[in-house]
Amino acid sequence: MTNTKRQELSDRALKVREHIVRLSTNGGCFTGASLSCADLLVYLYSDFLNVRPDNLTDPTRDYLFLSKGHDVPALYGTFVELGFIDKARLDHHLSTDDHIYWHPNRNVPGVEFHSGSLGHLPGVALGVAMDCRMRGQDNKVIVITGDGELNEGTVWESLLVASAHQVNNLTLVVDRNHFQANVATEDLIPLEPLAPKFEAFGCEVRRIDGHDFAQLEEAFSALPFSDTKPSVIICDTVRGRGLPSIEARADRWFCNFSADEVTELLKELHSQEATKLTSETLTVR
């Protein structure tokens, strides 16, 4: 990857993070989780997937399913920067007059399927991948899960079927930010060693830094990893990436900042100097 391309993607990811921060007020959103996958979504929609505002109904397009649907602010931001939706729609966040909400809705151009109840979209993506293959098409089908989401048995059931039917056009991507809601994954239900688990379910696995565009390019350009197996890419990420004041914090999963805090956090994105936050944290049990 050239330095020019890397800078272009970094600049776009920064703008996406700005959108996420702005959505983190007046009701809030899942800020920490969204920031961890911003680079991944920017890379996929900018450089990898055959998905554009003008081909959203083309049956030969590629498919991305955001199974960890609470990360949708990162998806909204990416769609704004690439022209899928108008920036003004983000002002309608949580309004009953629009479909810009805490989870993906198919009434937003580019969203392939509703999600929110975790563990469901790997099965949906598997069905689409099998349909594409039966039609003789070479669509790429990507499904992004959270790491805590891997506690849902439907994820593994889908992989068993994908492996049994050798669905090699399906790729499962894990946003491995090491948190599930307000708890570290390894303190709740330990996931590691993660790669061998996927391998035992018949997948070909690679693990990368999910914030490194060069590593993202190297991994995704090598797909499919096998002619007979589904592929898995584990992306090691940091919850709250880009905001030192909330990075890797269990209590900053969902955030509802004041307008003044949003102003300071936008400055923090550029300066990387942590700001003092006074808004209450949300704990989910």
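The values are calculated or read from the model by the stated rules, or taken from the named source; none is laboratory data. Bear in mind the structure is a predicted one, so any value in this text is a computation, not a measurement. Cβ: placed from backbone, ideal geometry, glycine included. Neighbour counts: every protein chain shown. To get the accessible areas, we keep the full protein, side chains included, count just its heavy atoms, and leave off ligands, DNA and RNA. Shrake-Rupley method; radii C 1.70, N 1.55, O 1.52, S 1.80 Å.
Quick one: Y101 ticks every box in (1) touching a helix residue (DSSP H, G or I) at 6+ places or on another chain (Cβ under 7 Å); (2) buried (at least 19 other Cβ atoms within 10 Å of the Cβ); (3) modelled with pLDDT under 95; (4) of a type outside the set (D, E, K, R) bar one, so which box is it?
Every listed condition holds for Y101 apart from (1).
If you scan the stretch 225-247, which residues turn out to be of a type outside the set (S, T, Y) and open to solvent by 60 Å² or more (accessible area, probe 1.4 Å)? I'd like the intermediate steps shown before the answer.
To start, the set of residues in the stretch 225-247 that are of a type outside the set (S, T, Y) comprises 225, 227, 229-230, 232-236, 238-244, 246-247.
Within the stretch 225-247, D227, K229, R241, E247 qualify.
What are the pairs, 6+ residues apart or on separate chains, where a residue within the stretch 107-136 that is touching a residue at least 24 places away in the same chain (Cβ under 8 Å) and at positive phi has its Cβ under 7 Å from a residue that is open to solvent by 10 Å² or more (accessible area, probe 1.4 Å) and of a type in the set (S, T, N, Q)?
Close Cβ pairs satisfying both conditions: G119/T154.
Under the condition of being within 24 Å of the chain's Cα centre (by Cα) and more than 15 Å from F30 (Cα to Cα), which residue from the stretch 268-285 is most open to solvent (accessible area, probe 1.4 Å)? I'd like the intermediate steps shown before the answer.
Our first condition is that a residue be within 24 Å of the chain's Cα centre (by Cα); within the stretch 268-285, this holds for 268-270, 272, 281-285.
Checking the rest, the ones that are also more than 15 Å from F30 (Cα to Cα) come to 268-270, 272, 285.
Details: E268: 1, L269: 11, H270: 117, Q272: 94, R285: 225 Å².
Top of the filtered list is R285.
Which condition from (1) open to solvent by 50 Å² or more (accessible area, probe 1.4 Å); (2) in contact (Cβ under 8 Å) with a residue 12 or more places away in the chain is the one that C255 breaks?
Tallying (1) open to solvent by 50 Å² or more (accessible area, probe 1.4 Å); (2) in contact (Cβ under 8 Å) with a residue 12 or more places away in the chain, C255 fails exactly one: (1).
Considering only the stretch 170-190, I want to know if a residue exists there that is hydroxyl-bearing (S, T, Y), under 18 Å from the mean Cα position of the chain (by Cα) and buried (at least 16 other Cβ atoms within 10 Å of the Cβ). If you could, list the steps in order and put the result at the bottom.
If we filter the stretch 170-190 for residues that are hydroxyl-bearing (S, T, Y), which is where we start, we get 171, 185.
Those still in the list that are under 18 Å from the mean Cα position of the chain (by Cα) too: 171, 185.
Checking the rest, the ones that are also buried (at least 16 other Cβ atoms within 10 Å of the Cβ) come to 171, 185.
Checked against the condition, which is being hydroxyl-bearing (S, T, Y), under 18 Å from the mean Cα position of the chain (by Cα) and buried (at least 16 other Cβ atoms within 10 Å of the Cβ), the stretch 170-190 yields at least one hit.
Could you look through the stretch 138-155, keep only residues that are at pLDDT 95 or above and over 18 Å from G69 (Cα atoms), and pick out the one that is least open to solvent (accessible area, probe 1.4 Å)?
For the stretch 138-155, the residue satisfying everything is N139.
On the given criteria, is S226 free of Cβ contacts under 8 Å to residues at least 12 places away in the same chain and hydroxyl-bearing (S, T, Y)? Working first, answer last.
On the way: free of Cβ contacts under 8 Å to residues at least 12 places away in the same chain: no; hydroxyl-bearing (S, T, Y): yes.
Answer is no for this residue.
Scan the stretch 180-202 and report the pairs whose first residue is free of Cβ contacts under 8 Å to residues at least 60 places away in the same chain and farther than 18 Å from L170 by Cα and whose second residue is open to solvent by 70 Å² or more (accessible area, probe 1.4 Å) and assigned to a helix (DSSP H, G or I), with Cβ atoms within less than 7 Å and a gap of 6+ or a chain change.
Q180/L188
In the list L64, L118, which residue meets the criterion of being in contact with a strand residue (DSSP E or B) (Cβ under 8 Å, 6 or more places away or on another chain), under 20 Å from N177 (Cα atoms) and in a loop (DSSP other than H, G, I, E, B)? Working first, answer last.
Working: L64 fails: in a loop (DSSP other than H, G, I, E, B).
Result: L118 is the single residue among L64, L118 that is in contact with a strand residue (DSSP E or B) (Cβ under 8 Å, 6 or more places away or on another chain), under 20 Å from N177 (Cα atoms) and in a loop (DSSP other than H, G, I, E, B).
For the stretch 67-98, which positions are assigned to a helix (DSSP H, G or I), open to solvent by 10 Å² or more (accessible area, probe 1.4 Å) and not hydrophobic (A, V, I, L, M, F, W, C)?
H70, E81, K87, R89, D91, H92
Any residue at all in the stretch 151-170 that is within 21 Å of V238 (Cα to Cα) and part of a loop (DSSP other than H, G, I, E, B)? Outline the logic, then answer.
Initially, the stretch 151-170 is screened for residues within 21 Å of V238 (Cα to Cα), giving 151.
From the residues that got through so far, the ones that are part of a loop (DSSP other than H, G, I, E, B) too are none.
Within the stretch 151-170, none of the residues are within 21 Å of V238 (Cα to Cα) and part of a loop (DSSP other than H, G, I, E, B).
Can you tell me how many residues in the stretch 126-145 are more than 18 Å from the chain's Cα centre (by Cα) and hydrophobic (A, V, I, L, M, F, W, C)? Lay out the reasoning, then the answer.
Initially, the stretch 126-145 is screened for residues more than 18 Å from the chain's Cα centre (by Cα), giving 127-139.
Pick out the ones that are also hydrophobic (A, V, I, L, M, F, W, C) and you get 128-130, 132, 134.
Residues meeting the conditions: 5.
Can you give me the number of residues within the stretch 1-52 that are within 20 Å of H93 (Cα to Cα) and part of a loop (DSSP other than H, G, I, E, B)?
So the count comes out to 7.
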